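Novice: The structure is given below, and queries will be raised subsequently.
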Amino acid sequence: MKFYLLVVLILLGFVSTHRISYDGYKAFRIRPTTISQLKTLSSLSKKPGFDFWNIPRVINKSIDVLVAPDLLESFQTYLKTNHIIYHVLIENYQEVIQIENVALKSKRLREDVSFKKYMTYEQIVNYLKTLAKKYPDIVTVQSIGNTENNRSIPLIKISTGGSNKPAILIDAGIHAREWIAPPVALYTIQQLVENATNIRLIQNVDWLIVPVLNPDGYTYTFNNDRLWRKNRSPGRRCYGADINRNFDFHWMEGGASAYECEETYAGSKGFSELEAQALRDFILANSENIKLYLTFHSYGEYMLYPWGYTSDLPDDEPELRTLGTAVADAIEKASTIGTSYTIGTSTNVLYEAAGGSDDWTKGVGGVQLSYTIELPGGGSEGFNPPTRKILPVVRETWEGIKLYQAYIEKKFAN
Ligand SMILES: [Zn+2]
């Protein structure tokens, strides 16, 4: 009898993977109005049971935090006694996950791309392979490295051939749970390869795109823990390092953790992580050509450029700011969902975060123009936008990416 029950459970998928439940977890939106409120809140960010989804350093900007059920009462008392403005953003996070699960139902491999759902790692890889087969004249797909769990990190090159063309490097999904980022990379790929009217965008500029830089972490968010951020490298006490704190340029100088159980754990040393190594090696091998680096994250609607390790500005800050502002304006103009970007250096508008890929790419990798784009989040509907908002986000962001292309073509192509 027990055996039959087990078979039934396996068939239903109940025991195939262990899934973390967020039943009873509440998300709060908080707006600190004084420096002391901000300081006490950021001290909470290191405590277990609090998951800060964004931690702006400036006052009067909202912060979203997910709180475990056993801490809810004391947290709300704390907010009230400190007169901190807040409201409950999401009553029960598990309900958001259940809605997402319905939308994810099909993990079946298809040859095309979808912007009506979030695609799995396997579906994304399959789409890239299909493009390589269908468009061999302009598409090549390669692996830039393997992960701890032996998944390849795919890169698609879109090029009409010839050498010494300026190239744009794009990556997405360094942070596993930031699901809206890979669709932005995929939409860029689809528009460049499958939409013939965009042919001029690939004539003088090459495109190098990594839609999922953290395949292990990304897969883990589908099967085990929807809010996983890091990769899946094993540690002594906890799994995973924050790949975006692991780049060896002013490594661990600020905004990163030496404790392996924390979300911003920087790894045991600079470039200890396979994913960071893979991107580093690819950039160094192609640094002559790469003229622009865009790395997509979520969320917060920030257009960020170096430095992240210091509040000092790079010498070419005016150029970075002018270009970033023009792109942000184009996105805002195209937006149907009210997107509005804040522009500036990582440290000054968001928070100090040393070891980021954007800093290393500019500081060591030799790519002058380097941006981190924090896409829109889901607001009261969760960390990620609900599936019906994928298309509006990728479409508006594409308007900005086209502007970046025009700038690179004008400045570097002859
Ligand atoms: Zn991120």
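Laboratory data are not the source of any read-out in this text; all were calculated from the coordinates shown. Here the structure is a predicted model, which means the values were calculated and not measured. Please note: Cβ atoms are built from the backbone with ideal geometry, for glycine as well, and neighbour counts cover all protein chains shown.
Novice: Quick one: check the C-alpha center-to-center distance for the range 273-337 versus the range 86-134, whole angstrom.
Specialist: 25 Å
Novice: Can you list the HN-Hα couplings for the range 230-243, worked out from phi with the Karplus curve (6.51, -1.76, 1.60; θ = phi - 60°), rounded to whole Hz and with x for Gly and Pro?
Specialist: 8, 7, 10, 6, x, x, 6, 10, 9, 8, x, 10, 7, 4
Novice: Please tell me the relative contact order of the range 107-412 in percent, rounded to the nearest whole number, where contacts are Cα pairs under 8 Å and at least six residues apart.
Specialist: Values: 673 pairs, mean separation 61.4, N = 306.
After rounding, I find 20 percent.
Novice: Let me ask something additional. Using a Gaussian network for the chain with springs between C-alpha atoms less than 10 Å apart, which of these wobbles most: Ile290, Ile90, Ile99?
Specialist: Maximum among the listed residues: Ile99.
Novice: Does anything in the range 318-343 have its amide N under 17 Å from the 7 Å Cα→Cβ label point of Lys410, and if so which residues?
Specialist: Output list for this probe position: 318-331.
Novice: Just order 68-81, 318-331 by mean Cβ neighbour count inside 10 Å, highest at the front, would you? Could you put the intermediate results ahead of the total?
Specialist: Details: 68-81: 13.1, 318-331: 18.2.
So the order, starting with the most tightly packed, is 318-331, 68-81.
Novice: On to the next question. Just to be sure I understand the model, the point goes 7 Å from the Cα along the line to the Cβ. What's the resulting Ser21 to Lys129 distance in nm?
Specialist: In this crude label model, Ser21 to Lys129 measures out at 3.7 nm.
Novice: Give the separation of the Cα centroids, the range 183-254 to the range 156-172, in Å.
Specialist: Using only Cα atoms to place each centre, the spacing works out to 17 Å.
Novice: Right, next: Which one, Thr197, Thr130, Thr221, has the greatest fluctuation when you compute a Gaussian network model over the chain with C-alpha springs under 10 angstrom?
Specialist: Comparing Thr197, Thr130, Thr221 in the GNM, the peak value goes to Thr197.
Novice: Could you tell me the calculated FRET efficiency between Arg200 and Asp312, based on Cβ-Cβ distance and R0 = 35 angstrom, to the nearest 0.05?
Specialist: Values: r = 38 Å, r/R0 = 1.10.
Result of the calculation: an efficiency of 0.35.
Novice: Also, quick follow-up: Just order 261-269, 40-48, 348-356 by mean Cβ neighbour count inside 10 Å, highest at the front, would you? If you can, show how the numbers build up before the last one.
Specialist: Working: 261-269: 19.0, 40-48: 13.3, 348-356: 22.4.
My ranking of the peptides, most packed first, is 348-356, 261-269, 40-48.
Novice: Around Arg280, with a cut-off of 15 angstrom between Cβ atoms, what is the net charge of the other residues, counting Lys and Arg +1 and Asp and Glu -1?
Specialist: On the way: positive: Arg245, Lys269, Lys362; negative: Asp171, Asp248, Glu273, Glu275, Asp281, Asp358, Asp359.
Here the count lands on -4.
Novice: Measure off 7 Å from each Cα along the Cα-to-Cβ vector at Asn149 and Lys80, then give the distance between these two points in nanometres to one decimal.
Specialist: Roughly 4.2 nm, to one decimal.
Novice: Using per-residue counts of other Cβ atoms within 10 Å, averaged over each peptide, order 383-389, 243-249 from highest down.
Specialist: Numbers: 383-389: 20.0, 243-249: 26.7.
Descending packing order for the listed peptides: 243-249, 383-389.
Novice: Please compare each pair in Lys61/Lys333; Lys116/Lys402; Lys134/Lys157; Lys61/Lys362 to a cut-off of 20 Å on the Cα-Cα distance and tell me which ones are over it. Provide the component values of the computation, followed by the final result.
Specialist: Details: Lys61/Lys333 22 Å; Lys116/Lys402 22 Å; Lys134/Lys157 14 Å; Lys61/Lys362 28 Å.
Long pairs (Cα-Cα over 20 Å): Lys61/Lys333; Lys116/Lys402; Lys61/Lys362.
Novice: For the chain, what number results from the quotient of the Cα radius of gyration and 2.2 N^0.38 Å? Before the final figure, lay out the partial values.
Specialist: Values: Rg = 21.1 Å, N = 414, 2.2 N^0.38 = 21.7 Å.
It is 0.97.
Novice: A further question on this structure: Using a Förster radius of 22 Å, what is the FRET efficiency between Lys107 and Asn224 based on their Cβ-Cβ separation? Nearest 0.05, please.
Specialist: Values: r = 14 Å, r/R0 = 0.65.
For R0 = 22 Å, the calculated efficiency reads 0.95.
Novice: While we're on this one: Multiplying the sequence separation of Lys61 and Ala285 by 0.36 nm and subtracting their Cα-Cα distance, what value in nm do you get? Walk me through the numbers before you get to the answer.
Specialist: Working: separation 224, 0.36 × 224 = 80.64 nm, distance 4.03 nm.
Here the answer is 76.6 nm.
Novice: Mean residue ellipticity at 222 nm from the helices of the chain, using -39,500 (n - 2.57) per DSSP H segment of n ≥ 4 over the full residue count, to the nearest 500 deg cm²/dmol?
Specialist: Values: 12 runs with 144 residues, N = 414.
Rounded to the nearest 500, it is -11000 deg cm²/dmol.
Novice: Obtain the nm distance between the two label points defined at Cys261 and Ser114 by a simple spin-label model: each point lies 7 Å from its Cα along the Cα-to-C-beta direction.
Specialist: 3.8 nm
Novice: When the dipole is taken about the Cα centre of the chain, and only Lys, Arg (+1) and Asp, Glu (-1) are charged at their Cβ, what size is it in debye, to the nearest 20?
Specialist: Working: 44 positive and 45 negative charges, 199 e Å.
The calculated dipole for the chain is roughly 960 debye.
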